[in-house]
């Protein structure tokens, strides 16, 4: 695992976007999985801007959404799918066969999980996965206590995730479960990046990097990813030794 600290959120996002851009340029059929949310938002915007400006051919590129809130329709602006459709899929004109999301309204979520796992295998695995980190240490919706051996699965959301998740909606929404790629996918990805920014994430980052690897704080698993990178800004690194890139 490698730690990279950047001056601020903009600098962090630019370097994360560069990681994706470089991968797709060197491997046109790359498989990239991203998390939605505040941390990756600018990364997505910068990636799209650069891809359009440099006229990159993305016809072989595969995009996978990390997770979804069960029961939230894709047209709801709080859904993970809405986030990516708006910021990535539509601006880059990605075709249906290039984009894979969980079906939050599926009558058989287990089958949906199996279908996502099958896609990942058929595509040769995930080349790059970029995730955020929750205040409770979750990655995707892999909540405290989750098995490190899970592939795609449905999980009951932690109370802190339900509370924080309300900010993505215009009004109160009843959230109960998430459907997500598992930490087995995370560890089997060829490269894994955990992003975090802001002082509010400083304690979370300190725990993720310094605590013994344990499933009560799932993000600690990044410590044993041989191609894992933790990319944070100076505020998120404020409880760590200073090291700026």
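Here, each number is a calculation from the coordinates, and none is a lab measurement. Not measured: the values here are computed from a predicted model. Cβ sites come from the backbone with ideal geometry, for glycine too, and all protein chains shown count toward neighbours.
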Practice task
Kindly indicate the residue of region 88-101 that is part of a helix (DSSP H, G or I) and either in contact with a helix residue (DSSP H, G or I) (Cβ under 7 Å, 6 or more places away or on another chain) or without any contact (Cβ under 8 Å) to a residue 40 or more places away in the chain (or both) and also nearest to residue 60 (Cα to Cα) among those meeting that condition.
Solution key: 97
Handout entry: Criterion (touching a strand residue (DSSP E or B) at 6+ places or on another chain (Cβ under 8 Å), surrounded by fewer than 18 Cβ atoms within 10 Å (Cβ to Cβ) and farther than 23 Å from residue 225 by Cα) met by exactly one of 176, 90
Key = 176
Practice task
Please find, within region 102-118, the residue that is nearest to the chain's Cα centre (by Cα) out of those that are under 23 Å from residue 36 (Cβ atoms) and part of a loop (DSSP other than H, G, I, E, B).
Solution key: 102
Problem - Test: residue 114 is touching a residue at least 12 places away in the same chain (Cβ under 8 Å), out of contact with any strand residue (DSSP E or B) (no Cβ under 8 Å at 6 or more places or on another chain), over 28 Å from residue 205 (Cβ atoms) and surrounded by fewer than 16 Cβ atoms within 10 Å (Cβ to Cβ) - result: yes
Problem - Any strands (runs of 3 or more DSSP E) falling wholly within region 129-245 and containing at least 2 residues that are closer than 27 Å to residue 13 by Cβ - result: 177-180, 192-196, 228-233
Exercise for the section: Only one of these is in contact with a helix residue (DSSP H, G or I) (Cβ under 9 Å, 6 or more places away or on another chain) and over 21 Å from residue 158 (Cβ atoms): 213, 205, 232, 222. Name it. Expected result: 232
Completion exercise
Filtering region 97-111 down to residues that are more than 17 Å from residue 30 (Cα to Cα) and surrounded by 20 or more Cβ atoms within 10 Å (Cβ to Cβ) yields 102, 104
Handout entry: Residues that are out of contact with any helix residue (DSSP H, G or I) (no Cβ under 7 Å at 6 or more places or on another chain), in a helix (DSSP H, G or I) and crowded, with 16+ Cβ neighbours inside 10 Å, drawn from region 77-87
Key = 80, 81, 82, 83, 84, 85
Completion exercise
Scanning region 211-225 residue by residue, the ones that are in contact (Cβ under 8 Å) with a residue 12 or more places away in the chain and out of contact with any strand residue (DSSP E or B) (no Cβ under 8 Å at 6 or more places or on another chain) total 6
Problem - Members of region 78-87 found to be touching a residue at least 24 places away in the same chain (Cβ under 8 Å) and out of contact with any strand residue (DSSP E or B) (no Cβ under 8 Å at 6 or more places or on another chain), listed by number - result: 83, 87
